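For reference, the structure discussed in these notes is given below.
The values are calculated or read from the model by the stated rules, or taken from the named source; none is laboratory data. All figures in this text were calculated on a predicted structure; none of them were measured in a lab. Cβ atoms come from the backbone with ideal geometry, glycine included; neighbour counts cover every protein chain shown. Note: accessible area is taken over every heavy atom of the protein model, side chains too, but ligands, DNA and RNA are not part of it. Shrake-Rupley method; radii C 1.70, N 1.55, O 1.52, S 1.80 Å.
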Amino acid sequence: MRLNHFIALHSKYSRREADKLITDGVVKINHTIATQHSIVPQVALQNPNIAMKDFKIFIHGKMLHYAKKKAYTAIVYHKPKGELVSKKDIYGRRLIYDSLNKRYAHFMPVGRLDFASEGLLILSDDKAVVSKLMHSQLERTYILKIDSHITKPMIKAMQEGLTLQNAKAGGHKLSKITTMEFMPMGFEILKNATISKLKVYITEGKNRELRRFFAHFHANVLDLRRVCYGFVHLNALPVGKMRFFTKQEYDDLHTFMHT
């Protein structure tokens, strides 16, 4: 593991801040000034208590104390259409927890996907993980189908942003949200026809944001699938199935939690 990554995992510094500290020459390993090429030995990753005896890192003269990574558990669920991201529903609709194993009943979802949408949903047993992921500016990627051509006004609004004083169209009939501001979003047009398909990149997850956006242009979202949330990708996970985070995703999550 690179030194900047290790410092980010065991201190208040981010990787970028760690890079600057190393460049400034204030990071030492066993009293020798570290470089950007310094590597943390495997023993320090496997057993911090043993590593402390032979591998010591100093930042501004203060020794870095290694802490074991917090044992987060996170899963990815490919939510199908027709499931509600909720613990209960007064209308008796199917919930994601009806599909997930009971051992995940206490896991909390990172945000929501509405009843008619599908795709990547992250769940974790750690409130801090859920909160930080949910309120982050990590990019969310969606693939959409709409019942309209993609018009120049749509493209302009995606490029420049849009503020609606009446954003009820596309929202749930019981929603109390009336106004909404849409930030500029990245997009790729995959097909422009009577039924169009596009990939959209946003950094927020407001209530039915994309459905409301396209409803303003008299276009209905026929399909909406989230395929990526920051460093987590849906890839080929089948609909209705779950998986644990990969090792790389856990590494990225631990780094994210320390930034």
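All told, R112 meets the bar of being touching a residue at least 40 places away in the same chain (Cβ under 8 Å) and over 15 Å from K241 (Cα atoms).
With respect to the conditions (1) modelled with pLDDT of 80 or more; (2) open to solvent by 50 Å² or more (accessible area, probe 1.4 Å); (3) in a helix (DSSP H, G or I), Y91 lacks only one, and its number is (3).
Yes or no: L100 within 21 Å of Y142 (Cα to Cα) and either free of Cβ contacts under 8 Å to residues at least 12 places away in the same chain or open to solvent by less than 50 Å² (accessible area, probe 1.4 Å) (or both)?
When the stated conditions are applied, L100 does not pass them.
Annotation note: Cβ proximity below 6 Å between a residue of segment 232-259 that is touching a residue at least 60 places away in the same chain (Cβ under 8 Å) and a residue that is among the acidic types (D, E) (sequence gap 6+ or interchain) occurs for V232/E249.
In segment 127-215, counting only helices (runs of 4 or more DSSP H) that sit wholly within it, the ones holding 3 or more residues that are surrounded by fewer than 19 Cβ atoms within 10 Å (Cβ to Cβ) span 127-134, 152-160.
Which members of segment 126-146 meet the condition of being more than 14 Å from A74 (Cα to Cα) and touching a residue at least 60 places away in the same chain (Cβ under 8 Å)?
The first filter runs over segment 126-146 and keeps only residues more than 14 Å from A74 (Cα to Cα), leaving 135-146.
If the condition is that a residue be more than 14 Å from A74 (Cα to Cα) and touching a residue at least 60 places away in the same chain (Cβ under 8 Å), then S136, Q137, L138, E139, R140, T141, Y142, I143, L144, K145, I146 are the ones that fit.
S86 meets all of the listed conditions (1) touching a residue at least 40 places away in the same chain (Cβ under 8 Å); (2) surrounded by fewer than 16 Cβ atoms within 10 Å (Cβ to Cβ); (3) in a loop (DSSP other than H, G, I, E, B) but one, namely (1). Of the residues making up segment 163-180, at least one is under 29 Å from F256 (Cα atoms) and either touching an Asp or Glu at 6+ places or on another chain (Cβ under 9 Å) or acidic (D, E) (or both).
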